[in-house]
Structures are given as C-alpha cells and as structure tokens.
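Colleague: Got a structure here, written out as structure tokens. Questions coming.
Every number here is computed from the coordinates shown, using simple stated rules; none is lab data. This is a predicted model, so every value here is computed, not measured.
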Amino acid sequence: MSMMSERVLMNEQGRIVIPAAYRRVLGLVGGDELVIRVENGSLRIQRIEDVVAEAQQIVSRYVADTRSLVDELIDERRKAAEAE
C-alpha cells in the first residue's frame with residue numbers, strides 16, 4: 001500500500017471520520033469491529049479479524065498443528081469443575 005496522508009478533524013466528542021479512500025483500501029465497512037491501540041506514539045486501527053489472524057500466526061510458531069489448545073483448555077476446565 002502506498003503512503004497515504006490526509007488531514008481530518010476530531011469533533012468535540014472525540015470522534016473522527018475515516019475517509020472513504022482509506023476505508024476502501026482497508027476493506028472497512030460500517031459496523032466492522034475494530035481494535036485501536038497506541039503504538040510508538042501513533043494510533044493504530046485494525047479490523048478484529050486481522051488482529052486475530054496475527055495472534056494465530058504468532059501462536060502457530062510455538063504450537064504444533066496436531067495440538068488443539070481449545071481442546072486442552074476445555075479439558076482443563078472440566079477437570080477443575082470436577083475437582084470443586
């Protein structure tokens with residue numbers, strides 16, 4: 001993606017409008033769930049799907065494909081419930 005820059009105003013309620021060209025490039029549509037965070041002094045905005053995909057990619061480096069962390073968590077929760 002080429003470097004894009006545009007000046008926008010924040011209203012008194014703290015809201016900004018993401019210009020249409022940026023929404024198009026990022027595939028954003030009304031109602032999308034977004035994650036925002038401050039990173040190196042800048043505001044970063046990502047679709048929740050992209051954040052989840054990044055997290056899955058990080059975890060996949062450390063967990064074998066044959067292993068199901070979800071199944072392990074469910075099993076741990078069941079054992080904890082039985083122990084109560």
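Colleague: Take the Cα gyration tensor of the chain, multiply each eigenvalue by 5, square-root it, and list the three semi-axes largest first, rounded to whole angstrom.
Modeller: Taking √(5λ) for each Cα gyration eigenvalue gives 38, 17, 12 Å.
Colleague: Using only DSSP helix segments of four residues or longer, with each worth -39500 (n - 2.57), what per-residue ellipticity at 222 nm results for the chain after dividing by its residue count and rounding to 500?
Modeller: -13000 deg cm²/dmol
Colleague: Got the relative contact order for region 20-83 handy, in percent, Cα pairs under 8 Å and 6 or more residues apart?
Modeller: With pairs under 8 Å counted, the relative contact order is 17 percent.
Colleague: Once both axes come from the Cα atoms, what is the angle between helix 48-60 and the longest principal axis of the chain, in degrees from 0 to 90, rounded to 10?
Modeller: The helix 48-60 is inclined about 40 degrees to the chain.
Colleague: Any idea what angle helix 69-83 forms with the longest principal axis of the chain, computed on alpha-carbon atoms, 0 to 90 degrees, nearest 10?
Modeller: Here the helix axis deviates by roughly 50 degrees.
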